[in-house]
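Asker: Below you'll find the structure I mean.
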Amino acid sequence: MNKYLVIGNPIEHSLSPLLHNHWFEKHKISNSIYERRKVEKKDLKKIVEQVRNGEIKGVNVTVPFKKEIFNYIDDSSNEVQLTKSVNTLVKEDNKVVGYNTDQGGFEISLRENKWSSQNKKILILGAGGVTSSILSSFIKANGVVKIYLCNRKREKAEELKTLGDKAVDLSGMKNDTIEIVDWGKKIELCDLVINTTSVGLTKNENIKLNFNNYENKKDALFYDLIYNPKETNFLKDAKLRGNKIMNGKMMFLWQAQLAFQMWTGISPKINDEVINLLD
Ligand code: ATR
(Lines give C-alpha, C1' and ligand atoms only; values in the text may rest on other atoms or scores of the structure.)
Protein backbone atom coordinates (compact mmCIF):
# COMPACT_ATOMS: atom_id res chain seq x y z
CA MET A 1 0.00 0.00 0.00
CA ASN A 2 1.32 3.48 -0.88
CA LYS A 3 0.90 5.72 2.10
CA TYR A 4 0.45 9.50 1.94
CA LEU A 5 0.16 11.85 4.90
CA VAL A 6 -0.79 15.36 5.86
CA ILE A 7 1.13 16.36 8.97
CA GLY A 8 0.47 19.30 11.27
CA ASN A 9 -0.70 20.28 14.72
CA PRO A 10 -3.65 20.60 15.08
CA ILE A 11 -4.67 18.43 12.13
CA GLU A 12 -8.26 17.31 12.78
CA HIS A 13 -9.65 20.13 10.61
CA SER A 14 -7.71 19.09 7.48
CA LEU A 15 -9.84 18.12 4.51
CA SER A 16 -6.85 16.85 2.51
CA PRO A 17 -7.52 13.13 3.28
CA LEU A 18 -11.12 13.45 2.05
CA LEU A 19 -9.99 15.08 -1.19
CA HIS A 20 -6.96 12.93 -2.03
CA ASN A 21 -8.72 9.65 -1.18
CA HIS A 22 -11.60 10.77 -3.43
CA TRP A 23 -9.11 11.29 -6.26
CA PHE A 24 -7.42 7.90 -5.63
CA GLU A 25 -10.84 6.28 -5.92
CA LYS A 26 -11.82 8.33 -8.97
CA HIS A 27 -8.62 7.38 -10.79
CA LYS A 28 -8.76 3.73 -9.68
CA ILE A 29 -5.51 3.98 -7.73
CA SER A 30 -6.54 1.31 -5.27
CA ASN A 31 -3.09 0.73 -3.74
CA SER A 32 -2.89 4.17 -2.12
CA ILE A 33 -4.23 5.73 1.04
CA TYR A 34 -3.95 9.28 2.43
CA GLU A 35 -4.12 9.90 6.18
CA ARG A 36 -3.79 12.79 8.60
CA ARG A 37 -1.24 12.63 11.39
CA LYS A 38 -0.78 14.99 14.32
CA VAL A 39 2.96 15.37 14.90
CA GLU A 40 5.39 17.25 17.10
CA LYS A 41 8.50 19.07 15.93
CA LYS A 42 10.66 16.14 17.09
CA ASP A 43 8.85 13.79 14.65
CA LEU A 44 9.72 15.72 11.49
CA LYS A 45 13.15 14.17 10.91
CA LYS A 46 11.71 10.65 11.08
CA ILE A 47 8.88 11.48 8.67
CA VAL A 48 11.40 12.76 6.12
CA GLU A 49 13.44 9.57 6.61
CA GLN A 50 10.34 7.51 5.97
CA VAL A 51 9.82 9.34 2.68
CA ARG A 52 13.47 8.70 1.82
CA ASN A 53 13.20 4.96 2.50
CA GLY A 54 9.84 4.64 0.73
CA GLU A 55 7.68 3.81 3.77
CA ILE A 56 5.73 6.99 3.03
CA LYS A 57 5.12 7.95 -0.61
CA GLY A 58 4.22 11.62 -0.22
CA VAL A 59 3.52 14.21 2.46
CA ASN A 60 1.65 17.47 2.77
CA VAL A 61 2.90 19.74 5.51
CA THR A 62 0.64 22.21 7.23
CA VAL A 63 0.60 24.62 10.19
CA PRO A 64 2.94 25.06 12.07
CA PHE A 65 5.70 23.05 10.30
CA LYS A 66 5.94 24.56 6.81
CA LYS A 67 9.18 26.36 7.73
CA GLU A 68 10.66 23.85 10.18
CA ILE A 69 10.52 20.90 7.75
CA PHE A 70 13.00 22.75 5.53
CA ASN A 71 15.80 21.72 7.93
CA TYR A 72 15.37 18.02 7.13
CA ILE A 73 14.83 17.83 3.37
CA ASP A 74 17.55 17.13 0.77
CA ASP A 75 16.54 19.57 -1.93
CA SER A 76 13.90 22.18 -2.67
CA SER A 77 12.14 23.98 -5.51
CA ASN A 78 12.64 27.63 -6.51
CA GLU A 79 9.38 28.58 -4.81
CA VAL A 80 10.59 27.04 -1.57
CA GLN A 81 13.87 28.91 -1.79
CA LEU A 82 11.96 32.17 -2.26
CA THR A 83 9.32 31.58 0.39
CA LYS A 84 11.14 29.36 2.90
CA SER A 85 7.86 27.46 3.08
CA VAL A 86 7.32 23.78 2.21
CA ASN A 87 3.90 22.14 1.93
CA THR A 88 4.65 19.06 -0.20
CA LEU A 89 7.34 16.35 0.00
CA VAL A 90 8.20 14.20 -3.01
CA LYS A 91 10.88 11.53 -3.37
CA GLU A 92 13.03 12.08 -6.46
CA ASP A 93 16.19 10.02 -7.18
CA ASN A 94 16.50 8.96 -3.54
CA LYS A 95 16.24 12.55 -2.40
CA VAL A 96 13.38 14.11 -0.45
CA VAL A 97 12.48 17.29 -2.30
CA GLY A 98 10.35 20.04 -0.75
CA TYR A 99 7.85 21.88 -2.92
CA ASN A 100 5.50 24.77 -2.29
CA THR A 101 2.17 24.28 -4.07
CA ASP A 102 0.44 26.95 -1.95
CA GLN A 103 1.91 29.66 -4.14
CA GLY A 104 0.76 28.01 -7.37
CA GLY A 105 -2.65 27.23 -5.86
CA PHE A 106 -3.09 30.86 -4.86
CA GLU A 107 -2.03 32.11 -8.31
CA ILE A 108 -4.48 29.82 -10.10
CA SER A 109 -7.30 30.82 -7.73
CA LEU A 110 -6.92 34.48 -8.71
CA ARG A 111 -6.43 33.73 -12.39
CA GLU A 112 -9.57 31.56 -12.51
CA ASN A 113 -11.42 34.40 -10.80
CA LYS A 114 -10.22 36.71 -13.64
CA TRP A 115 -8.30 38.86 -11.18
CA SER A 116 -5.01 40.32 -12.35
CA SER A 117 -2.55 42.03 -10.04
CA GLN A 118 -1.30 44.43 -12.74
CA ASN A 119 -1.24 48.01 -11.40
CA LYS A 120 -2.98 46.96 -8.21
CA LYS A 121 -2.46 47.91 -4.58
CA ILE A 122 -2.60 45.05 -2.13
CA LEU A 123 -2.96 44.84 1.63
CA ILE A 124 -1.78 41.56 3.18
CA LEU A 125 -2.91 40.91 6.76
CA GLY A 126 -0.77 38.46 8.74
CA ALA A 127 2.79 37.15 8.54
CA GLY A 128 2.36 33.47 9.36
CA GLY A 129 3.48 30.28 7.64
CA VAL A 130 1.53 30.76 4.40
CA THR A 131 2.01 34.51 3.95
CA SER A 132 5.40 34.28 2.21
CA SER A 133 3.73 32.20 -0.55
CA ILE A 134 1.13 34.92 -1.09
CA LEU A 135 3.73 37.68 -1.10
CA SER A 136 5.97 35.75 -3.47
CA SER A 137 3.14 35.19 -5.95
CA PHE A 138 2.56 38.95 -6.29
CA ILE A 139 6.28 39.63 -6.76
CA LYS A 140 6.40 36.91 -9.42
CA ALA A 141 3.43 38.46 -11.23
CA ASN A 142 5.57 41.60 -11.40
CA GLY A 143 3.00 44.34 -11.93
CA VAL A 144 1.70 45.41 -8.55
CA VAL A 145 2.11 49.02 -7.55
CA LYS A 146 2.19 48.48 -3.81
CA ILE A 147 2.12 45.65 -1.29
CA TYR A 148 1.33 46.65 2.29
CA LEU A 149 2.27 44.08 4.96
CA CYS A 150 0.37 44.34 8.20
CA ASN A 151 0.86 41.98 11.14
CA ARG A 152 -0.02 42.30 14.81
CA LYS A 153 3.60 41.55 15.73
CA ARG A 154 5.47 44.01 13.53
CA GLU A 155 8.80 42.15 13.64
CA LYS A 156 7.30 39.19 11.74
CA ALA A 157 6.15 41.55 8.99
CA GLU A 158 9.69 42.92 8.92
CA GLU A 159 11.16 39.42 8.43
CA LEU A 160 8.75 38.88 5.56
CA LYS A 161 9.67 42.22 4.01
CA THR A 162 13.38 41.30 4.12
CA LEU A 163 12.58 38.09 2.24
CA GLY A 164 10.29 39.92 -0.23
CA ASP A 165 12.68 42.83 -0.83
CA LYS A 166 15.35 40.46 -2.16
CA ALA A 167 12.91 39.08 -4.73
CA VAL A 168 11.66 42.59 -5.57
CA ASP A 169 15.25 43.59 -6.21
CA LEU A 170 15.81 40.69 -8.61
CA SER A 171 12.52 41.32 -10.42
CA GLY A 172 13.37 44.92 -11.23
CA MET A 173 10.29 46.28 -9.46
CA LYS A 174 10.55 49.56 -7.51
CA ASN A 175 12.46 48.96 -4.29
CA ASP A 176 9.76 50.59 -2.16
CA THR A 177 7.07 48.22 -3.48
CA ILE A 178 6.70 46.49 -0.10
CA GLU A 179 5.77 48.66 2.86
CA ILE A 180 4.97 47.73 6.45
CA VAL A 181 1.86 49.14 8.10
CA ASP A 182 1.28 48.98 11.84
CA TRP A 183 -1.69 46.85 12.88
CA GLY A 184 -4.77 49.10 12.95
CA LYS A 185 -3.18 52.04 11.14
CA LYS A 186 -5.25 53.56 8.34
CA ILE A 187 -3.77 53.52 4.84
CA GLU A 188 -4.98 54.31 1.36
CA LEU A 189 -7.73 52.09 -0.12
CA CYS A 190 -6.36 48.96 -1.81
CA ASP A 191 -7.72 46.78 -4.64
CA LEU A 192 -7.23 43.55 -2.70
CA VAL A 193 -7.31 42.94 1.04
CA ILE A 194 -6.21 39.46 1.93
CA ASN A 195 -6.49 37.78 5.31
CA THR A 196 -3.69 35.28 5.91
CA THR A 197 -4.08 35.33 9.71
CA SER A 198 -5.77 32.53 11.61
CA VAL A 199 -8.44 34.90 12.90
CA GLY A 200 -11.82 33.52 11.85
CA LEU A 201 -10.93 29.83 11.98
CA THR A 202 -13.02 29.72 15.12
CA LYS A 203 -16.53 30.96 14.39
CA ASN A 204 -17.38 34.49 15.54
CA GLU A 205 -13.73 35.44 15.90
CA ASN A 206 -13.24 38.93 14.59
CA ILE A 207 -10.26 40.63 13.07
CA LYS A 208 -10.36 43.87 14.99
CA LEU A 209 -9.68 46.20 12.11
CA ASN A 210 -12.04 48.74 10.62
CA PHE A 211 -12.64 48.58 6.86
CA ASN A 212 -15.76 50.83 6.78
CA ASN A 213 -14.08 53.19 4.31
CA TYR A 214 -14.24 50.39 1.71
CA GLU A 215 -17.90 51.34 1.23
CA ASN A 216 -16.32 53.85 -1.14
CA LYS A 217 -14.54 51.13 -3.10
CA LYS A 218 -17.08 48.46 -3.95
CA ASP A 219 -14.82 46.79 -6.50
CA ALA A 220 -12.21 45.92 -3.87
CA LEU A 221 -11.79 42.18 -3.40
CA PHE A 222 -11.67 40.79 0.15
CA TYR A 223 -9.96 37.39 0.08
CA ASP A 224 -9.79 35.17 3.17
CA LEU A 225 -7.51 32.14 2.94
CA ILE A 226 -9.76 30.39 5.46
CA TYR A 227 -12.34 28.11 3.82
CA ASN A 228 -13.85 26.55 6.90
CA PRO A 229 -16.01 28.38 7.99
CA LYS A 230 -17.03 29.38 4.47
CA GLU A 231 -17.71 32.97 5.39
CA THR A 232 -15.63 34.44 8.17
CA ASN A 233 -16.73 37.71 9.75
CA PHE A 234 -14.04 39.36 7.62
CA LEU A 235 -15.93 38.22 4.50
CA LYS A 236 -19.42 38.75 5.94
CA ASP A 237 -18.61 42.39 6.73
CA ALA A 238 -17.10 42.89 3.26
CA LYS A 239 -20.23 41.46 1.65
CA LEU A 240 -22.45 43.77 3.68
CA ARG A 241 -20.38 46.73 2.51
CA GLY A 242 -20.85 45.60 -1.10
CA ASN A 243 -17.24 44.53 -1.71
CA LYS A 244 -16.31 41.41 -3.67
CA ILE A 245 -15.40 38.36 -1.60
CA MET A 246 -13.56 35.07 -1.99
CA ASN A 247 -12.61 32.34 0.49
CA GLY A 248 -9.68 29.91 0.48
CA LYS A 249 -11.47 26.89 -0.92
CA MET A 250 -10.26 27.20 -4.50
CA MET A 251 -6.67 27.83 -3.42
CA PHE A 252 -6.90 24.71 -1.27
CA LEU A 253 -8.19 22.66 -4.21
CA TRP A 254 -5.58 23.92 -6.67
CA GLN A 255 -2.65 23.37 -4.26
CA ALA A 256 -3.92 19.82 -3.70
CA GLN A 257 -4.20 19.21 -7.43
CA LEU A 258 -0.58 20.28 -7.94
CA ALA A 259 0.61 17.94 -5.16
CA PHE A 260 -1.46 15.00 -6.45
CA GLN A 261 0.03 15.49 -9.91
CA MET A 262 3.59 15.41 -8.53
CA TRP A 263 2.94 12.16 -6.70
CA THR A 264 0.92 10.28 -9.31
CA GLY A 265 1.45 12.02 -12.66
CA ILE A 266 -2.31 12.54 -12.86
CA SER A 267 -3.89 15.99 -12.79
CA PRO A 268 -7.34 15.48 -11.29
CA LYS A 269 -10.25 17.68 -12.41
CA ILE A 270 -11.38 20.54 -10.23
CA ASN A 271 -15.12 20.37 -10.86
CA ASP A 272 -18.40 20.81 -8.98
CA GLU A 273 -18.08 17.30 -7.60
CA VAL A 274 -14.89 18.08 -5.66
CA ILE A 275 -16.00 21.63 -4.87
CA ASN A 276 -19.16 20.23 -3.27
CA LEU A 277 -17.26 17.41 -1.58
CA LEU A 278 -15.68 19.90 0.79
CA ASP A 279 -19.00 21.47 1.92
P1 ATR B 1 2.82 31.13 12.88
O2 ATR B 1 2.66 32.55 13.39
O3 ATR B 1 3.38 30.20 13.88
O4 ATR B 1 3.45 31.06 11.53
P5 ATR B 1 0.30 30.82 11.63
O6 ATR B 1 -0.95 30.15 12.09
O7 ATR B 1 0.88 30.44 10.33
O8 ATR B 1 1.35 30.61 12.76
O9 ATR B 1 0.09 32.41 11.61
C10 ATR B 1 -0.81 33.02 12.42
C11 ATR B 1 -1.03 34.43 11.91
O12 ATR B 1 -2.25 34.91 12.44
C13 ATR B 1 0.05 35.41 12.37
O14 ATR B 1 0.20 36.40 11.41
C15 ATR B 1 -0.58 35.96 13.64
O16 ATR B 1 -0.13 37.24 14.02
P17 ATR B 1 1.09 37.41 15.07
O18 ATR B 1 2.32 37.09 14.29
O19 ATR B 1 1.01 38.83 15.46
O20 ATR B 1 0.83 36.45 16.19
C21 ATR B 1 -2.01 36.08 13.22
N22 ATR B 1 -2.95 36.13 14.33
C23 ATR B 1 -3.33 35.11 15.13
N24 ATR B 1 -4.22 35.54 16.05
C25 ATR B 1 -4.41 36.88 15.82
C26 ATR B 1 -5.23 37.90 16.40
N27 ATR B 1 -6.05 37.63 17.43
N28 ATR B 1 -5.18 39.13 15.89
C29 ATR B 1 -4.36 39.40 14.84
N30 ATR B 1 -3.56 38.50 14.24
C31 ATR B 1 -3.59 37.24 14.71
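The values are calculated or read from the model by the stated rules, or taken from the named source; none is laboratory data. Note that the structure is predicted; figures quoted are calculated from it, not measured. Using ideal geometry, Cβ is built from the backbone for each residue, glycine included, and neighbour counts are taken over all protein chains shown. Remember, those area values only see protein heavy atoms, side chains included, never the ligands or the DNA or RNA. Shrake-Rupley method; radii C 1.70, N 1.55, O 1.52, S 1.80 Å.
Asker: Using a 1.4 Å probe, what is the accessible area per residue for segment 67-188, in Å²?
Answerer: On the way: 5840 Å² over 122 residues.
Per residue, segment 67-188 has an accessible area of 48 Å².
Asker: Just name one of Ile134, Gly105, Cys190: the one whose Cα is farthest towards the positive end of the charge dipole of segment 86-190 (beta-carbon charges, Lys/Arg +1, Asp/Glu -1).
Answerer: The listed residue farthest towards the positive side: Cys190.
Asker: Could you tell me what % of all Cα pairs in segment 130-279 have separations over 24 Å?
Answerer: The answer is 41 percent, as a whole percent.
Asker: With a bin width of 10 angstrom, please list the P(r) values of segment 1-129 as percents of all Cα-Cα pairs, from the 0 bin to the one holding the largest distance.
Answerer: 12, 38, 35, 13, 2
Asker: At a Förster distance of 30 Å, what's the computed FRET efficiency of Lys153 paired with Arg37, Cβ-Cβ distance as r, to 0.05?
Answerer: With a Förster radius of 30 Å, E is 0.55.
Asker: Could you work out the relative contact order of the chain? I mean the mean sequence separation of Cα pairs under 8 Å and 6+ apart, divided by the number of residues, in percent.
Answerer: Values: 522 pairs, mean separation 41.5, N = 279.
RCO, the chain: 15 percent.
Asker: For segment 1-136, calculate the relative contact order in percent as a whole number, restricting contacts to Cα pairs under 8 Å that are 6 or more residues apart. Please list the in-between numbers first.
Answerer: Working: 209 pairs, mean separation 30.1, N = 136.
Over segment 1-136, the number comes to 22 percent.
Asker: To continue, here is another question. What 222 nm value per residue comes from the helices of the chain, counting each DSSP H run with n ≥ 4 as -39,500 (n - 2.57) and dividing by all residues, nearest 500 deg cm²/dmol?
Answerer: -10500 deg cm²/dmol
Asker: What are the semi-axes of the equivalent ellipsoid of segment 26-99, taken as the square roots of 5 times the eigenvalues of the Cα gyration tensor, listed largest first and rounded to whole Å?
Answerer: Semi-axes from the Cα gyration tensor: 20, 15, 13 Å.
Asker: Going toward the positive end of the dipole of the chain, with +1 on Lys and Arg Cβ and -1 on Asp and Glu Cβ, which of Leu149, Asn271, Val61 do you reach last?
Answerer: Value: Leu149.
Asker: Another question, if that's okay. Run through segment 31-72 and list the GluC sites (Glu not before Pro) located in a DSSP loop whose Cβ has at most 15 other Cβ atoms within 10 Å.
Answerer: When the GluC sites (Glu not before Pro) of segment 31-72 are filtered for loop state and at most 15 Cβ neighbours within 10 Å, Glu40, Glu55 remain.
Asker: Of the listed pairs Lys161/Lys185; Lys166/Lys217; Lys120/Lys153; Lys174/Lys236; Lys114/Lys186; Lys41/Lys166, which have alpha-carbon separations greater than 23 Å here?
Answerer: Lys166/Lys217; Lys120/Lys153; Lys174/Lys236; Lys114/Lys186; Lys41/Lys166
Asker: For helix 101-112, report the angle its Cα long axis makes with the longest principal axis of the Cα atoms of the chain; keep it between 0 and 90° and round to the nearest 10°.
Answerer: 50
Asker: In whole angstrom, how long is each semi-axis of the equivalent ellipsoid of the chain, when you take the square root of 5 times every eigenvalue of its Cα gyration tensor and sort them from largest down?
Answerer: Sorted largest first and rounded, they come to 32, 21, 17 Å.
Asker: Out of segment 31-122, which trypsin sites (Lys or Arg not before Pro) are coil in DSSP terms and have no more than 15 other C-beta atoms within 10 Å?
Answerer: When the trypsin sites (Lys or Arg not before Pro) of segment 31-122 are filtered for loop state and at most 15 Cβ neighbours within 10 Å, Lys67, Lys114 remain.
Asker: Now, a different point. If you put +1 on each Lys and Arg Cβ and -1 on each Asp and Glu Cβ, how big is the dipole of segment 146-279 around its Cα centre, in Debye rounded to 20?
Answerer: Result for segment 146-279 is approximately 300 debye, rounded to the nearest 20.
Asker: Please report, as a whole percent, how much of the solvent-accessible surface of the chain comes from carbon and sulfur atoms (probe radius 1.4 Å).
Answerer: Of the solvent-accessible surface of the chain, carbon and sulfur hold 47 percent.
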